1. So what's the convex hull volume per residue for the Cα atoms of segment 357-397, in Å³?
2. Modelling each spin label as a point 7 Å along the Cα-to-Cβ direction, I'd like the LEU342/ASN438 distance in nm, to one decimal.
3. Given a Förster distance of 45 Å, report the FRET efficiency between ILE201 and PHE252 from their Cβ-Cβ distance, rounded to the nearest 0.05.
4. Take peptides 172-179, 140-147 and line them up by average Cβ neighbours within 10 Å, highest first, as a rough protection proxy.
5. For VAL215 and GLN192 in the same chain, what is the full-extension length gain: residue separation times 0.36 nm, less their Cα-Cα distance, in nm?
6. Tell me the per residue accessible area of segment 313-398 using a 1.4 Å probe; a whole number in Å² is fine.
7. How large is ³J(HN,Hα) for each residue in segment 305-310, as worked out from phi by the Karplus curve 6.51 cos²θ - 1.76 cosθ + 1.60 (θ = phi - 60°), to whole Hz, x for Gly and Pro?
8. For the full complex of protein chains and a 1.4 angstrom probe, list LYS159, LYS20 by accessible area with the highest value first.
Amino acid sequence: MSIEMSARSRSAELSDEERKVLTATLVGTTIEWYDFFVYAQAAGLVFGALFFAPMNANNPLLAQIVSFATLGLSFLFRPLGAIVCGHLGDRFGRKNMLVVTLLLMGAATALVGLLPTYAQIGAWAPALLILLRILQGFSAGGEWGGAALMAVESAPRDKRSFFGSFPQIGTPLGMILATGVLWVLTTTLGKQAMIEWGWRIPFLLSILLIVVGIVIRRTVEESPVFKAMQRRHKESSAPLRELMRNHAKEIFRTALIFMANNAAGYILIAFLISYGANTLKMPSDQLLLVGTLAAVSWFVFTLLGGILGDKIGRVRCFQIGYGLMVLWAVPMWFLIDSKNLLLFFVSAVGLTIALGLSYGPQAALYAELFPAKVRYSGVSIGYALGAIFGGAFAPMIAQWIIGTYGESWRVGVYIAVLALISLITVSTIKDPQGVDLNVNDAGT
């Protein structure tokens with residue numbers, strides 16, 4: 001059965017409320033990741049020249065590394081967002097925190113589009129850029145856990161991975177939207193206009209998207225698991241303290257499981273287009289189109305990963321994805337360095353297959369590893385720490401590797417090592433597929 005037919009058969013069986021939940025988690029995370037990816041693409045293409053101008057004039061490579069470092073800096077604040085939003089989400093519900101995180105991310109993104117550059121206000125420009133990036137990171141730290149739990153906790157037991165894949169496919173959809181908008185603007189305005197003022201448009205468009213997202217999210221009912229927990233009056237008086245005392249092992253393992261996927265994802269999102277344009281001197285408009293099409297493949301294989309997670313198990317699906325990543329991480333760079341646009345696309349698509357299969361079942365696996373009253377905190381903190389270990393500085397590290405050694409395949413070795421660690425870690429887990437999400441103890 002094809003992915004499309006399988007997804008159609010599932011959607012035909014959904015209730016109106018389940019459709020609302022899936023739509024809200026998908027639309028919200030798509031918008032949130034659009035905001036995040038617009039910044040990532042701009043960091044690779046224009047921020048070095050605009051916000052770090054003196055450094056760019058003397059050492060363009062260092063300016064690019066610092067630009068990517070601002071991308072990674074926000075990841076350091078994801079755990080704080082995960083702790084705060086997770087604690088509040090475990091105490092007061094998933095729904096309200098989803099609206100708050102969407103508002104915060106949208107405001108920070110729109111303000112980036114209004115920032116003066118270094119040429120206009122000097123060192124205040126990068127300082128304000130970093131501040132807004134920190135707010136983005138805080139918001140992203142609380143967003144994923146809430147969206148994942150709304151989807152998984154609202155799912156029938158045999159469709160948790162499929163439901164959980166909807167906030168996951170918001171990531172490639174956000175990339176499609178971000179790179180698609182940048183491609184249209186670059187094609188129509190030209191490179192010079194994009195550097196001068198066109199780069200602001202994708203950030204300002206976030207305002208319209210946020211309004212749509214909030215309207216949709218406010219129509220959704222609270223997670224049934226959280227409502228049941230309220231009826232039983234079993235909210236913990238200090239869920240974060242209980243989480244760290246009793247579930248530190250699960251947090252560490254979920255962080256290591258996500259590490260490689262997040263690192264490889266940010267190589268795809270933020271580094272490949274920059275590398276192709278700045279190092280290989282390939283046309284940026286063509287590379288943005290390749291990035292958009294590769295994100296479509298990422299979307300398809302993430303949905304497939306969600307479906308397979310229900311059929312063959314979450315752990316087995318992760319193992320297949322990470323096994324493919326280990327095998328593909330190095331060879332893909334030889335295709336990229338050919339400077340052939342088609343081979344560049346093939347290399348990116350190969351990576352998205354591994355990314356999708358190791359991303360689709362993630363929400364279901366994480367939700368099933370933590371008890372209900374600390375679940376929001378647990379999945380959010382594990383996800384945030386995995387992002388620090390993996391994607392936070394992956395583009396910066398890749399840029400340093402290229403600048404130091406001049407051999408792109410070494411970036412592949414870096415990703416393959418992370419994938420091997422994540423593969424070993426996920427293999428230590430006894431698949432929790434089908435556990436009762438309403439109970440307040442969970443095991444592995």
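1. Per-residue hull volume (Cα only) is 65 Å³.
2. In this crude label model, LEU342 to ASN438 measures out at 5.7 nm.
3. According to the calculation, E is roughly 0.65.
4. 140-147, 172-179
5. 4.6 nm
6. In whole numbers, segment 313-398 has 25 Å² accessible per residue.
7. Coupling constants for segment 305-310: x, x, 5, 5, x, 7 Hz.
8. Output order, biggest surface exposure first: LYS20, LYS159.
The values are calculated or read from the model by the stated rules, or taken from the named source; none is laboratory data. Not measured: the values here are computed from a predicted model. Backbone-built Cβ (ideal geometry, glycine too); neighbour counts: all protein chains shown. Just the protein is used for accessible areas: all its heavy atoms, side chains included, with ligands, DNA and RNA removed. Shrake-Rupley method; radii C 1.70, N 1.55, O 1.52, S 1.80 Å.
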